[in-house]
Amino acid sequence: MRLRAMFTKEGKMRFLSHLDIVRIMERASRRANIGIKYSEGFHPTPKITFSPPVQLGTISYGELLETEADCSGAEFLERMNRVLPEGCQIIKVFELEEGAKKMSKCAMKADYEIVFENVDCEEVVIAIERYNARGVEMDEKPEEHDTTKEQSIRDRVFYLDAYENADGKAVFRCVLDATQSSILSPKALLEYFREEYGFMTDENYTVCKNELIIE
Amino acid sequence: MRKIIEEKLLLKVQKPGRYIGGECNSVQKELREDMLHFAFAFPDIYEVGMSHVGLKILYHLLNEQGNIWCERVFAPWVDADAVMKQEQIPLFSLESYTPVKAFDVVGFTLQYEMCYTNVLNMLTLAGIALRSEDRTESDPVIMAGGPCALNPEPMADFMDLFVIGEGEEVVLELAALLLRYKKGELSKREMFFQASQLQGVYVPGFYEVSYHADGTIAEFAPTSAGVPERVKKRIIRDMDKVYYPTKPMVPYIQIVHDRITQEIFRGCIRGCRFCQAGFVYRPVRDKSKETVIEQIEQSLAATGYDEVSLVSLSSMDYLACEEVVNYVMEQHAKDKISVALPSLRMDGFSIDIARKIQQVRKTGLTFAPEAGSERMRRVINKGITEEDIEKTALEVFGSGWGRIKLYFMMGLPYEEEEDILEIITVAQKVLDCYYAVAKEKRNKNVTVAVSVACFVPKPHTPFQWQAQNTIEEFQKKQRLLKSQKTNRKITLSTHEPYLSALEGVFALGDRRLGKVLEEAVKNGCIFDGWDEVFAYEKWVDAFQKAKIDPAFYANRQKGYEEKLPWDFIDVGVEKAFLIQENEKAKQAQTTPNCRLQCSACGIGTDADYGGFCQ
């Protein structure tokens, strides 16, 4: 059965790299005894593919893997979660039909919250206003802008917002393209905001990937 | 504490995965007042410490006990060390993020001499006084074990007690004493005294050393009545009955040996004269193949690892080796489990086993002839001949491997210039074997990788009286080697002689070196075993400040009559035997392995160890 599973990377797990998560899943799949399919070749490993890595430290509720195993989706979820560590748990499993698109070909969006330690909410608000204002300008007078670079970013930004969370910290919420071929990371978005709108932040921020939407 | 660690430390360091704990099969407990809180401290980074089988054994053994919670502590890498010092985050345990100072006992394992500064730095990070005499009842008891404890003296000032030998039994006996001390049934001194009565425990505070005018030891004696004059090592008699972890931890981040390590026997039949392990772990004690297989099965099911390593001092000497390999390969063909053998020998090398275990990865094979000339190999009792080497090389290249790695040593006792040159000759002969194999059978590429380490004389070996080569002598020999190597298919790597020189000092040293270690730590020495961190000039300064000449320990030939710093440690092998072996080395005479013939080393006739020497 071809399976696609959405899993979390939170708590201690957010301090682990993508390759660590790959190893955790491979070993868990052996312990779970679910008849996972192995890759061919000189050094066979469980055949599992993963969505692109998130930045180390990111909290995520929307990581994806795809694999093939001798069990149903419900069994996969139950047996894997029994052997997976806290903070790395499967939350949803999709049973894929024969010939279903690989996840690398699926259009996806991800909903992030970037929580800053040393940035005022007001600064985020101003930066978003500048972003929106330029969007209007670009619609009115396209000839005055280098639209190719701008547009390539804008095509991958679906929603932006700024607010304060319960701890009074500034939050930059953004829904970004997560399709593998055109993914835009929160880090790349912040870099763009720094270059174009003078939005300054240090390294002290936490990204939370709250949701992954597969279209 | 958790919040501070996550916010101030984990996101500031290169590999936060080293400090998070919570791995599969790691142990969480609810700590009660009547429990012993034990910190197992490994003075190197997580990836090294977690690869160590001794840690796995003792961690899981201690946690099997209802009244003990053992947690792990590793040396923070230099980046984390700097952050912790700056943010004043104390050294903490991985399981519960508890400051190490709050534990009842901290047990360090001393795997190599160059970790000594890390031990002191970890104590500093924990906010615990370095010297045993400066600590009070409110401090944890600080102890150490492991191979370096067989000459505990350089660390004697800092440790409350040492475990000498194998720890599985004695650590529980100590834990019982520590619990009584915690409950107030014993004073600290009473507890230490009772500990000193256990076989395999050394309490340095109960001994005094006096010295002759020339700096050698005049007397080493207990200061209290009832404390034994000599400390006997502890060993496990029955390897089938002793505890072994079959639900080992599975780290999240990749460690050095990231696989199941299955111990198959202790001791070694060989008796290579330079090798400390070959003498101190006598006698040879096998695990039955039934036990080995059962433990492998349980470990595989509990971990999800895809590789098992059969570990011992010389795994191909295990009589059931091939059977165990066959079993695993056949039973686990479906789940793709592979087997690793860490120590291949060139005599009795089984190409069949090698083919089986390496069928998936044809990277290369590693052997250790140790010395270049046949005469030198007899001197060190390595016992492999040039014929063995050529036969093995032909088989290896004939089976399609393209890379052979060869380990050698330089600076061995009774070594001549031509012995050094023969290292290259041997490498050339091995390479010739490749060209002797038919073109269609051999690999397209060939490399003979030669690695030459600097010899360090070790306590309790026949070479314990030898003077180590000086740094200049090592460098001269390295230059000589490099000038001889002309073939591009042969690669040559040598060790840092500065590091080996220090290793020699601390391997052969006495308790006066404590001062040097303190000065070195003040100078900022940590992770000395790591080339990128090691700073020799800081050590030169430390020796000067402590007014100690390192050459006195490492580069001086000692007489058989001299009292050596570790003479009070009784490993069961008689001094007369070590002298006899050294005399035979001078004549380049070999001693047969224990299975062929007993050479009466003393272990078999010792009341505590005898009777089960096979």
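Nothing in this text is a laboratory measurement; each read-out follows from the coordinates by a stated rule. Predicted, not measured: the structure shown is a model, and the values here were computed from it. All Cβ positions, glycine included, derive from the backbone under ideal geometry; neighbour counts span all protein chains shown.
Before moving on, here are some points about what is shown:
- Per residue of peptide A:10-21, the mean number of Cβ atoms on other chains within 10 Å of the residue Cβ is 5.
- Rg(Cα)/(2.2 N^0.38 Å) for the stretch B:258-327, N = residue count: 1.18
- Mean projection area, nm², convex hull over Cα of the stretch A:2-105: 6.5
- Debye-sum result for the stretch B:100-248 in log10 I(q)/I(0), which assumes one identical scatterer on each alpha carbon, at q = 0.09, 0.14, 0.16 Å⁻¹: -0.30, -0.73, -0.95
- Rg over Rh, two decimals, chain A (C-alpha only, Kirkwood Rh): 1.04
- Radius 12 Å from Cβ of B:Glu416, net charge of other residues (Lys, Arg +1; Asp, Glu -1): -3
- Per-peptide average of other Cβ atoms within 10 Å, ordering B:568-577, A:127-136, B:322-331 highest first: B:568-577, B:322-331, A:127-136
- Top of A:Met200, A:Met103, A:Met13 by mean-square fluctuation, Gaussian network on chain A, Cα under 10 Å: A:Met200
- For q = 0.07, 0.10 Å⁻¹, Debye-computed log10 I/I(0) when each Cα of the protein assembly as shown counts as one equal scatterer: -0.64, -1.20
- Charge dipole of the stretch A:2-105 (Cα centre as origin; +1 on each Lys and Arg Cβ, -1 on each Asp and Glu Cβ, all else neutral): 240 debye, rounded to the nearest 20.
- In the elastic network of chain A, a GNM with C-alpha springs shorter than 10 Å, the most mobile of A:Gly168, A:Gly11, A:Gly57 is A:Gly168.
- Protection proxy ranking of B:486-496, B:9-19 - average other beta-carbon atoms within 10 Å, highest first: B:9-19, B:486-496
- Highest-fluctuation residue, A:Pro142, A:Pro53, A:Pro186 considered, GNM on chain A with Cα pairs under 10 Å: A:Pro142
- Kirkwood Rh in Å, taken over the stretch B:138-215 so that all alpha-carbon pairs contribute: 13.3
- Averaging over all projection directions, the Cα-based convex hull of chain B occupies 27.5 nm² in the image plane.
- In Å, descending, principal axis extents of the Cα set of the stretch A:98-180: 49, 41, 15
- Shown in residue order for the stretch B:443-460 are the 3J(HN,Hα) couplings computed by the Karplus curve 6.51 cos²θ - 1.76 cosθ + 1.60 at θ = phi - 60°: 5, 5, 10, 9, 9, 10, 9, 9, 10, 10, 8, 8, 5, 10, x, 10, x, 6 Hz (x for Gly and Pro).
- q = 0.17, 0.20, 0.23, 0.25 Å⁻¹: log10 I(q)/I(0) that the Debye formula gives for the stretch B:528-614, counting C-alpha atoms only: -0.91, -1.02, -1.18, -1.29
- Think of it as helices only: each DSSP H run of n ≥ 4 in chain B is worth -39500 (n - 2.57), and spread over all residues that comes to -9500 deg cm²/dmol at 222 nm.
- Stokes-Einstein diffusion for the stretch B:445-584, with the hydrodynamic radius set to the Kirkwood value over Cα pairs and evaluated at 25 °C in a medium of 0.890 mPa s, equals 144 µm²/s.
- Kirkwood radius and radius of gyration were both taken over the C-alpha atoms of the stretch B:1-137, and their ratio Rg/Rh is 0.93.
- Exercise: per-residue mean of other protein chain Cβ atoms within 10 Å, B:300-307: 4
- Per-residue shielding of B:13-23, expressed as the average number of other chain Cβ atoms within 10 Å of the residue Cβ, stands at 4.
- Shown in residue order for the stretch B:287-297 are the 3J(HN,Hα) couplings computed by the Karplus curve 6.51 cos²θ - 1.76 cosθ + 1.60 at θ = phi - 60°: 9, 5, 5, 4, 4, 4, 5, 4, 5, 4, 4 Hz (x for Gly and Pro).
- In sequence order, the stretch B:57-67 has phi-based couplings of 4, 5, 4, 6, 4, 4, 6, 5, 7, x, 9 Hz under the Karplus curve 6.51 cos²θ - 1.76 cosθ + 1.60, θ = phi - 60°, and Gly or Pro positions carry x.
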